[in-house]
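No value in this document is a laboratory result; all are computed from the given coordinates. What you see is a predicted model, and the numbers here were worked out from it, not measured in a lab. All Cβ positions, glycine included, derive from the backbone under ideal geometry; neighbour counts span all protein chains shown.
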Amino acid sequence: MASPAAGQPGDQRTGNQRTFTATRTEATTSNLTIALITVVAIMSVVIWFDRRFLADLAQTSDRDLRYFNRNTWALIIVLSFPIGPMLYMLYAKGPGRYR
């Protein structure tokens, strides 16, 4: 014999179980919201750093760049965050540039 559906007469589930399910769903939604906010915040910082270093790269003359050309440095900055901007700071313009 099939058990009665939730909310039907004869249903022996308590209100606690329904409350637990609703609370679990709310907790999952809350965790998803926190994760989404965290991802947006981290991506904002990454984009901000990339824009700063790309703007600095755009203002640097070709004769001041060391080791690679402008396009290669742009790819290094964008594709290898956070190591790329650090490499650019240390090697592209020379060690004494930012002191």
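Observations
- P(r) histogram, all alpha-carbon pairs of segment 17-92 included - 10 Å bins from 0, percent: 18, 33, 16, 13, 11, 7, 2, 0
- The label-point distance for Leu75 and Leu54, in a model that sets each label 7 Å from Cα toward Cβ, rounds to 1.6 nm.
- Selection of chymotrypsin sites (Phe, Trp or Tyr not before Pro), segment 37-99, meeting DSSP coil and at most 15 other Cβ within 10 Å: Tyr67, Phe68, Tyr98
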